[in-house]
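The structure under discussion appears below in the form of structure tokens.
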């Protein structure tokens, strides 16, 4: 990590400790209700810092740079030329007009807004060879040189993808997705390289390998906006800001039921707003990541200050999820006014880690969440995910707050499995109602559980 990031991290740690001290004092002197209010006041401060980028009123149509709306001819070069022209002119919109276009990877540059018009469809090639040369990226929380994401930006600022059109990765059971079953050797190779500290430039994947790229990935970027578009059928995760700051994902629809088709995964990123979005996915709807194992500890950058509101979660493994790549830590996550409802949605709030991945997860707030049904648990915390209890890096989970959360059907209300030597602490539920719960709570390795006006199957909990 460079000196700038290191100093920033130290400032962030100091700010977080000051915040925790204030919260602790408030809890001692004025009670838990006021403590909750103090937490949500921090959400207002975070929102005050998050600003959408602005762009000069200049348009660069991809048609003018050689694109054809016939869904046959390769438009990759037209996208590249239009983006370069807009960037060199000082910024503007690169306009995709109505029609169907086929392209390889799109690399955004500073001050460029990729505007996908209503009626426009950007279809991506499914040939992996279109996505080389390799770029600096992450695969499941470990840095490497791999196939380019379908839309990618590296160390850029003021970038956007907007409009009401469609970005379709066209992944399916005939391409990309079957790699889930055959990628094991490459995944183990990367994990070994990360564990041994092999320089990232020597972690070469891409051609001949089977690590699937993510669909949209701003990497080390600032001032990012993704708004209005529909994003479908990624090879892997759909939206994945990594090591980025001031990110807005607003009013997007994410639909994809392939393996690891997560909806939006902010990773080691700061000041992130996800609002008004619809998720119907084959994996987690929103999953907050922070790097994996030794490589995540090397980068040592948490995900923090993340606001989620007014979102709808349909199918998926979890609605709001933290993990399983948790090694850099996660803090200050606020989710409110969301709806979650599907027999194919497994959990509402899910935290997954283990003693190999470790990490500190703290200050998680949910309020006004309406759940129709989930297949497993409303709240699930699991310290035995993946590798289980097989490492030396004890995870820490503390200060989880749920207020005005209602569920009409689930197997469990709470399913919490921690370690007795590193218990999950400070779980607080207020004014919550869970109906049609099939089984009693699982509470292993948990302490300081507070229930205030919480009902399960009509019974007030003590």
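Selection of the range 168-179 for residues being under 18 Å from residue 137 (Cβ atoms) and out of contact with any strand residue (DSSP E or B) (no Cβ under 8 Å at 6 or more places or on another chain) yields 176, 179.
So that you can scan it fast, the table gives a plain yes or no per residue for (1) out of contact with any strand residue (DSSP E or B) (no Cβ under 9 Å at 6 or more places or on another chain); (2) within 19 Å of residue 304 (Cβ to Cβ):
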site: 353; (1), (2): no, yes
site: 380; (1), (2): no, no
site: 383; (1), (2): no, no
site: 388; (1), (2): yes, no
site: 405; (1), (2): no, no
site: 415; (1), (2): no, no
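Residue-level analysis places residue 319 among those that are surrounded by 24 or more Cβ atoms within 10 Å (Cβ to Cβ) and either within 24 Å of residue 377 (Cβ to Cβ) or free of Cβ contacts under 8 Å to residues at least 12 places away in the same chain (or both).
Scan the range 368-382 and give yes if some residue there is in contact with a helix residue (DSSP H, G or I) (Cβ under 6 Å, 6 or more places away or on another chain) and either at positive phi or not in a strand (DSSP E or B) (or both), otherwise no. No, the range 368-382 contains no residue that is in contact with a helix residue (DSSP H, G or I) (Cβ under 6 Å, 6 or more places away or on another chain) and either at positive phi or not in a strand (DSSP E or B) (or both). Out of all the residues in the range 293-316, which are touching a residue at least 40 places away in the same chain (Cβ under 8 Å), assigned to a loop (DSSP other than H, G, I, E, B), in contact with a strand residue (DSSP E or B) (Cβ under 7 Å, 6 or more places away or on another chain) and surrounded by fewer than 24 Cβ atoms within 10 Å (Cβ to Cβ)? 315 - this is the single residue of the range 293-316 that is touching a residue at least 40 places away in the same chain (Cβ under 8 Å), assigned to a loop (DSSP other than H, G, I, E, B), in contact with a strand residue (DSSP E or B) (Cβ under 7 Å, 6 or more places away or on another chain) and surrounded by fewer than 24 Cβ atoms within 10 Å (Cβ to Cβ). Going by the structure shown, is residue 344 at positive phi, in contact with a strand residue (DSSP E or B) (Cβ under 9 Å, 6 or more places away or on another chain) and either surrounded by fewer than 24 Cβ atoms within 10 Å (Cβ to Cβ) or in contact (Cβ under 8 Å) with a residue 60 or more places away in the chain (or both)? So residue 344 fails the test. Scanning the range 383-398 for residues that are crowded, with 22+ Cβ neighbours inside 10 Å and either without any contact (Cβ under 8 Å) to a residue 24 or more places away in the chain or part of a strand (DSSP E or B) (or both) yields a single hit, 397. Within the range 444-462, track down each residue that is under 21 Å from residue 408 (Cβ atoms), outside any strand (DSSP E or B) and without any contact (Cβ under 8 Å) to a residue 12 or more places away in the chain. The one that is under 21 Å from residue 408 (Cβ atoms), outside any strand (DSSP E or B) and without any contact (Cβ under 8 Å) to a residue 12 or more places away in the chain: 461.
FYI, it's all coordinate maths here, none of it is from the lab. Remember, predicted model here, so these are calculated numbers, not experimental data. Backbone-built Cβ (ideal geometry, glycine too); neighbour counts: all protein chains shown.
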